[in-house]
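The values are calculated or read from the model by the stated rules, or taken from the named source; none is laboratory data. Because the structure is a prediction, the values reported are computed rather than measured. Because the Cβ atoms are built from the backbone with ideal geometry, glycine has one as well, and the counts that use them run over all protein chains shown. Accessible surface is based on the protein model in full, side chains and every heavy atom, while ligands, DNA and RNA are left aside. Shrake-Rupley method; radii C 1.70, N 1.55, O 1.52, S 1.80 Å.
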Amino acid sequence: MINEDYLANIRPTHRQLQWQRMEMYAFIHFGMNTMTDREWGEGHEDPALFNPGNVDVDQWMRALVSAGMTGVILTCKHHDGFCLWPTKTTEDSVKNSPWKDGQGDLVRELSESCRKHGLLFGLYLSPWDRNSQYYGQPEYQKIFHEQIKELTTQYGKLFEYWFDGANGGNGWYGGADTTRQIDPKSYYRYEAASKMLRKNNKDIMIFGGTVPTIRWIGNEQGWAGETNWAMYDEDKAKHYSEAQWGMEDAKQWLPGEVDVSIRPGWFYHPREDHQVRSVANLVRLYYQSVGRNANLLLNCPIDLHGRIPAEDSTRLIAWHDHLKEAFRDNKLRGVAVTASNLRSGDKKFAPNLSNDGKTKTYWAMADGMTSGYLFYRFSRPTRLNTLVLQEYIALGQRVKRFRIETETSPGVFEPVATSDSLTTIGYKRIIRFAPVETKSLRVTFEEARGPVCIAEIAAYLTPEVLEAPKIRRDESDKVHIPSVTPDVLIEYAIEDAKTKHPKGWQRYKGPFTLSDDHATIRARVSTSTNKDRPETTKRLGFAASQIQTPSLGADDRKALLDGNGYTTVTLEAGQTSLELLFKDARPIQKLIYTPSQQRDASGHVRSYSIYVDGQKVASGNFDNIQNNPIPQEVLLPAGTSGSRIRFVAEAIVGQGGRVTLGDLSIE
C-alpha cells in the first residue's frame, strides 16, 4: 500500500532544483579516440597520437551558447585512460603528447572558456582505465581518487560530475593484455569519492556510482518516458530500462538525465559527417526529454581539427532558433483564469499565478484536494497546438493524470487530439496536439498524490518543422520512403552513377521496385506551407533478391534483409554464424550489421569475424554496441571477392543468450 501523504512530500534538494532548471547542456567527447577513429580505445595507444589541429575551445562555446546550452561536461578521460590534463598520476596524458609540445591542458582551457562565456562546467571521468597496469588492484583505487582530487581542486566550480557505468573487461593494462573484472560498487569507493567532490563543490550533481543525485534515463536514444517520475530507487530496479519512467513509490528524488549524441557515435568520425541529426530530429529530442520531465545532455563531438564541425554547429543554432520562435508567444500569458478550488482564499496561491510567467509562484489546491481544474478564457478565438505545464516541484511531484480540453461550441468541451499520454508532469511537460481554435481552455487534474501545485501553464501555436524522410529497400527490392509528418509531399530521385546528380525528381506514391546494385537514392519532403525540403541520401548495396540465406526460413530471411532493424532474427541456441550466398563471385567492399533496434540489447553481436569463400577477411569489436546500437560498417580488405560470406558472432551482449540480428546488407 502506497502512503501517498508521505510520498507527496519527497522533494528535491536545492541543488537538484537548480540543476533541473538548466534543462539543456552539452557533452563534449574528445580525446585519443578522436585521433584513432574509435569509440572505445583499448589502452595501448601511444600519447604521441594525440596531436589535434587548432583546438579552439572558444569556437565550441560560441556554438553552444548560440544553441541555448547552459553548461558543458567534458570527457577528460575515457576508458582508454588517456587524460586531457597533465595529471601526476599517469604518463598517459597530454603532457607526453606533441600537442602544444606537451604543455597543453584542455581541462583548464575549457573551464576558463566556460566561465568567460557564462556556461557552467562539469567533468566526466571514466572509472574504468584500460591503460593502467594497476587497474583491478588497490593501487588503482588511489590513482583514481587522486585524479578526482586534481580535477576538483584545480579547475574551479563544477556543476556535475560523471562516473560512467562501463566497468572492467578486456584491456591493455600496462601490457598484460588481459581481462579484469571488478565489483564497481565496492572497488571504486564511490562514497569516499563523493565526499571529495562535495568538499570543493558543495552543490555538485553526481551521475553514476553508488551515491548519485541524478539518474541515467536508461537509454542513449534521446527519450524519457511519457510517464516519468523524478523519484527512483536503483536497488528496487529489476532492469535498467525502468529508469525511463522512474518510480511512483520510490523514496529518493533522483531526476532523469537524457544523454544522446548529435551524431551516431559519441566521438567524431569522418564517416558520420552525413549523419548529423536534422533540426526536426533535434526538436523531437527536446520534446521527448525536457518536455518529459528530464534534462537533456546533448553530445557534440569535436573533430580532428579541434572544433565543433560546421554542419553540427549550424544544426545546433538552427535548432535553438526554432525553439525560441516556437515558444516566443505564450497565448495564456495574462489571460483570465478561474479554478475549481481555492486554497483558503490566500492570494499567494491564486489561479492567476499559474499563468504569470513565473515558475517561483504557483496555484495550489486546498489540503485534502487531489483533483480539480484551471479554466482559461481568451478575449478572442485563439489557435493552439502545444501546452507546457510545470508543477511547483520544490514541494514534490504530485500529478498522476490530467486532461486537456477546449471549448468547441458554447458550453461544449472536447479533449485535444494528441498521441501523448496525459499522466505525469513534474518540472516540465510539453504536450503537442492537432491545431485547434478556441475561446476557452480547461486543464483538469484528475488524480494526484497530494494537493496539486501548478507553477505555470503556457499555450503556443508552434511552427511546423519537417524531418527528412527515411529510405529503406526490403527483401523483395521494394523501396520505402516514409515520413514522420502526415500530409506531406515526398519526392525522390536516383543519382546518376557518373555525375552524382539526381536524374529527375519524382513524386513518391508508394513502394516501388529497384533491383539495381549500389544505387543511390535521394528523397525530400515538403508541404504547402513549408518549402524547406529537408533531404536524405541512401546508398544501397547488393539487391536483396540476389542474396540466398540457406539456414533461414522465409520469415527470418525477410526480417534479415528488409532494411528494418526493428524486425529481428534470433539464431538457434548454439548457432553463432550466418551464411549469405550469391550465385556467382563478385567484389565485396563492406558488410553492414544493424543490431536489433528493440529495447533489449541482449544478443547484440559484440565481437565478430567475417569469412569470404572460407577465408577469414576481417574481425574486431563493435564498441559500446549495448548502449548505442547503430549500424556497424565493416570495411573489407581491398580486392576481396567471392560468393559466400559467413558472419560469425564471436561474442554477444548478455550471458548464455542467443545471437540476435536486426539487419545485414552487403556492398
**Item:** Helix-only mean residue ellipticity at 222 nm for the chain, each DSSP H run of n ≥ 4 adding -39500 (n - 2.57), per residue, nearest 500
**Value:** -4500 deg cm²/dmol
**Alpha-carbon centroids, the range 396-427 and the range 283-323: separation in whole Å** = 29
**Item:** Counting all C-alpha pairs of the chain, share separated by more than 45 Å (%)
**Value:** 26
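Quick check on packing: order 508-516, 618-626 by the mean number of other C-beta atoms within 10 Å, highest mean leading.
Descending mean neighbour count gives 618-626, 508-516.
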**Proximal aspartates and glutamates relative to Lys324, as straight alpha-carbon distance under 16 Å, when same-chain residues fewer than 8 apart are discounted** = Glu23, Glu464
**Message:** Quick check: at a probe of 1.4 Å, how many percent of the accessible area of the chain sits on carbon and sulfur atoms?
**Reply:** 46
**Complete:** Expressed in nanometres to one decimal, the distance between label points 7 Å along Cα→Cβ at Lys503 and Asn627 is 4.5
**Request:** First obtain the Kirkwood hydrodynamic radius of the range 1-142 from its Cα pairs, then insert it into the Stokes-Einstein equation at 4 °C and 1.567 mPa s, and state the resulting D in µm² per second as a whole number.
**Result:** 75
**Complete:** Computed about the Cα centre, the charge dipole of the range 503-659 from +1 Lys/Arg and -1 Asp/Glu charges at the Cβ has a magnitude in debye, to the nearest 20, of 660
**Asked** By Kyte-Doolittle mean hydropathy of at least 0.5 and Cα axial length of at least 20 Å, which whole DSSP H helices of the chain are selected?
**Response** none
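Let's test the formula: R0 of 51 Å, r as the Cβ-Cβ distance of Ser421 and Leu49. What FRET efficiency results, to the nearest 0.05?
Details: r = 49 Å, r/R0 = 0.95.
With a Förster radius of 51 Å, E is 0.55.
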**Message:** How large is the Rg to Rh ratio of the range 100-201 when both quantities use alpha carbon positions and Rh follows Kirkwood?
**Reply:** 1.01
**Message:** Please compute the per residue accessible area over the range 498-560 with all protein chains in place, 1.4 Å probe, rounded to a whole number of Å².
**Reply:** 62
**Fill in**
For the range 419-557, averaging the sequence separation of alpha carbon pairs under 8 Å that lie six or more residues apart and dividing by its residue count, the contact order in percent is 21
**Prompt:** Can you run phi through the Karplus equation (6.51, -1.76, 1.60; θ = phi - 60°) for the range 455-464 and list ³J(HN,Hα) in whole Hz, with x for Gly and Pro?
**Reply:** 7, 6, 10, 10, 10, 9, 10, 7, x, 5
**Per residue convex hull volume, Cα atoms of the range 210-327, in Å³** = 119
**Item:** Reachable lysines, given that their alpha-carbon falls under 22 Å from the alpha-carbon of Lys77 and they are not under 8 places away in the same chain
**Value:** Lys88, Lys95, Lys100, Lys142, Lys149, Lys157, Lys185, Lys195, Lys199
**Request:** Determine the relative contact order of the range 344-423: mean sequence separation of Cα pairs under 8 Å and six or more apart, normalised by residue count, in whole percent.
**Result:** 18
**Request:** Report the accessible area of Ser419, computed with a 1.4 Å probe over the heavy atoms of all protein chains in place, in Å² rounded to the nearest 10.
**Result:** 110
**Complete:** Percent antiparallel among DSSP beta bridges confined to the chain, rounded to 5, stands at 75
**Request:** Search the structure for amide H atoms under 5 Å from the amide H of Phe159, placed 1.01 Å from N in the peptide plane, and list their residues when 5 or more places away or on another chain.
**Result:** Phe121, Gly122
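If I take every Cα pair under 8 Å that is 6 or more residues apart in the range 336-382, average their sequence separation and divide by the length, what percent do I get for the relative contact order? Each step should come with its number before you reach the end.
Working: 62 pairs, mean separation 21.0, N = 47.
So the answer I get is 45 percent.
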**Asked** How about Lys348: which lysines have a C-alpha closer than 18 Å to its C-alpha, ignoring those fewer than 8 places off in the same chain?
**Response** Lys358, Lys360
**Prompt:** Using the heavy atoms of the protein chains alone and a 1.4 angstrom probe, what is the accessible area of the range 93-155 per residue in square angstrom?
**Reply:** 39
